[in-house]
Every structure is written in structure tokens, then in C-alpha cells.
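The values are calculated or read from the model by the stated rules, or taken from the named source; none is laboratory data. The structure displayed is predicted, hence computed values, not measured ones. Virtual Cβ from ideal backbone geometry, glycine too; neighbours counted across all protein chains shown.
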Amino acid sequence: MKLTVVIPSRDKLPLLQRTLAALWDQDLPAESWDVVVVDDGSRDGTGAWLAEESARRQGRLTVVAPPRNVGRAAARNLGARAATAAAVLFLDDDIVAPPGLLSAHLAILARHPGDGTIGLVRTACDVIDAPHFHYLDTRGVAKAVGDTVPARYLVTQNTAVPRDAFLAVGGFDESFRAYGFEDMDLGFRLEDAGVVFRPLLAPVPEHVHHHTLAQWLAKKRECGHGPLQHLARRHPHRLREMRLGVLFDLGGAAPRPRCRSRFWAGLFAGALRRAAAAWPTGPRHRPLAFRAYARLLDLLVLTAYCQGLTDPMSDPPVRDDA
């Protein structure tokens, strides 16, 4: 089996260079894998560097460059359509893969034909400067028990799917224009089509992109503004599974947001943020009383979604930053 790695990127050339450098050190034969990078409207020299890198790699690196910024979902679709392999591994441009990562994905896919994989990712040690990184590293597939995982854990940092199944369900839904939930929507549609997801817990790639707690919560608020509502309309029966039923009235023909007051959502969020900022930590910024801290951040995420649901601003511009 052959694997094509698909990486969308926009204006993160130093991180993309680290990501690709790690990939070239994989332990697979060159003929069993290749890379497609989608340069989604970069303005930082990414295009020129990729042209040189593609020439050096002699056919192993394909560059797709749409004429304008098309966003995360469309960029990944372009990459998957340009793929030459039976399986597509989606990585982000800030993920540094250990040498055995691709062979580990291929081993699972070979044992379970037609299934997909969702791989663990951890924050690089030199990025961790606050306790929220430890919380992030315990989410999603990090909670896996057994040899399958639910589709809601699908994130595009490190996940592989059969290309035929991906194309059969229409790929990523390009109507997800702002940040968030286009990956979970894909996972739900693949799962509904019969794809089973297998966890890949080792080897573990590193996420090398720093973001503050405030930046991360701003993305969650952006998710709540448009993408979460779109996801709720498409998969209303999944909201309780996602533990997001509290944000919607599910009694009607279509889910309706329950969040009505921006004032109360903002007031509650402010109190929670202050508590998170003052949380005691141990070595390497690890939060003490971790379960309580995790519950606090769970509530912070809900309040950020709620703020997004009540936000009157127009849809955010298309972009692909992770």
C-alpha cells in the first residue's frame, strides 16, 4: 500500500520547513509514499521555496497552488484530489513527525482494509509555557480505550483515511468557511458510510505551534459563531454525543442555539478565565489538581462557543491557520 501525505499551508514557512524536514527522515522506502503541499495563498515566500524543494525531491513532492486563499476544507480537498496513493494522511504544517509515523499508519491500514486512523499528537516541550497545553494533550484520541475510536475525535493534525472513501463522501465540506469542525463533520460522514477509525498512539508527532490560552479560546469562539451551527444543522443527532446538547434546543425540527445573552456569557467566561490564569502549577507548568483544571477548561470552551453563538459579527474571512 502507498500513502500520500497532504499538508495545507499558509504563511507559516519556518514551521512548514520543519514539518517537511521530519517527513524526509521517515523509515519507509521512497516509492511507498509521497507528499502533496497545498500553498493556500501564502505571501511569505512559501511558493518560491516549495518550487525549489519540489525540484530537489524529484517527483516525491507535489505542490498545488490555488490562485487565491480557499480555506482549510477546500485546500485539503485539492490535496487529496492530487494524491496518487490509496490512502491519504492529513498532517498540519506545524506537526513534526517521528521517523516511524508513516509506517505505523500504513501497518494499521494494511491490517484493517477500508478503515481510517486517528493519531495522537503532543505539544513539543519547548512550546509549553502554560498549563492549558497539558489539557490539550489529553483531549480526543488521547482518551482512547480499545482498538477503535469515535469519529468525533478526528482532527487533521495526524489522521489517515482511504482515498476512495474520502472521495465517495465528497471530501471536506467546503461550506465550512471559518475555523473549526470541518474535520469532525468529515469524520461523521465517513463513519456513517461504514469507515471505522483506529487509534494510533505511537509514535507521537509533536505540535510545534505556540498559542496562548486567549488565542485558543478566540478560535473556539470563532467555531461557535458559524461552524458549530453548521455542524449542528448537519448532524443534530450527534450533539449529545459531543456533549454540546446544552448549547442547543433540540426539541424542534432543527437545533436552535440556547445562548441568548452575550452579557452573561461574557461575564461567566471572564470569571473562568481569571480562575484559569491563577491556577497553581507544578514542574513544566503542569496544573495541580488536573481533573478540576480540565473541568474548568471544559467550561471555558463551552462559554467560548456560547459567545460565538451570540456574536453578531459577519462571518470571519477564509483562512487556513491551525
Examine region 245-255 for a residue that is at pLDDT 95 or above and outside any loop (DSSP other than H, G, I, E, B), and state whether such a residue exists. no
Count - residues of region 192-239 that are of a type in the set (Lys, Arg) and in a strand (DSSP E or B): 1
When residues of region 168-191 are filtered for being surrounded by 15 or more Cβ atoms within 10 Å (Cβ to Cβ) and in a helix (DSSP H, G or I), how many remain? 10
Tell me which residues, restricted to region 26-73, are closer than 25 Å to VAL204 by Cα and exposed (fewer than 14 other Cβ atoms within 10 Å of the Cβ). ASP27, PRO29, ALA30, GLU31
Residue in region 159-180 that is nearest to PHE197 (Cα to Cα), counting only those that are at pLDDT below 95 and within 12 Å of the chain's Cα centre (by Cα): GLY180
Just to be sure, is GLU222 acidic (Asp, Glu) and closer than 30 Å to ASP25 by Cα? no
Residues that are at positive phi and surrounded by 15 or more Cβ atoms within 10 Å (Cβ to Cβ), drawn from region 108-156: GLY140
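Here is a yes/no grid of residues against (1) aromatic (Phe, Trp, Tyr); (2) modelled with pLDDT of 90 or more; (3) closer than 19 Å to THR138 by Cβ:
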{"position": "LEU201", "(1), (2), (3)": "no, yes, yes"}
{"position": "PRO205", "(1), (2), (3)": "no, yes, yes"}
{"position": "ALA214", "(1), (2), (3)": "no, yes, no"}
{"position": "HIS235", "(1), (2), (3)": "no, yes, no"}
{"position": "PRO257", "(1), (2), (3)": "no, no, no"}
{"position": "ARG260", "(1), (2), (3)": "no, no, no"}
{"position": "ALA278", "(1), (2), (3)": "no, yes, no"}
{"position": "ARG284", "(1), (2), (3)": "no, yes, yes"}
{"position": "LEU288", "(1), (2), (3)": "no, yes, yes"}
Residues of region 272-314 that turn out to be within 23 Å of HIS230 (Cα to Cα) and either in contact (Cβ under 8 Å) with a residue 40 or more places away in the chain or surrounded by fewer than 17 Cβ atoms within 10 Å (Cβ to Cβ) (or both), as a count: 16
Condition first: assigned to a helix (DSSP H, G or I) and free of Cβ contacts under 8 Å to residues at least 12 places away in the same chain. Now tell me which residues in region 91-142 satisfy that. ALA107, ARG111
Grab the strands (runs of 3 or more DSSP E) fully contained in region 1-71, keeping just those with 1 or more residues being within 23 Å of ALA110 (Cβ to Cβ) and within 18 Å of the chain's Cα centre (by Cα). 3-9, 33-39
Check whether at least one residue in region 263-271 is assigned to a helix (DSSP H, G or I), in contact (Cβ under 8 Å) with a residue 24 or more places away in the chain, exposed (fewer than 14 other Cβ atoms within 10 Å of the Cβ) and among the aliphatic types (A, V, I, L, M), and report yes or no. no
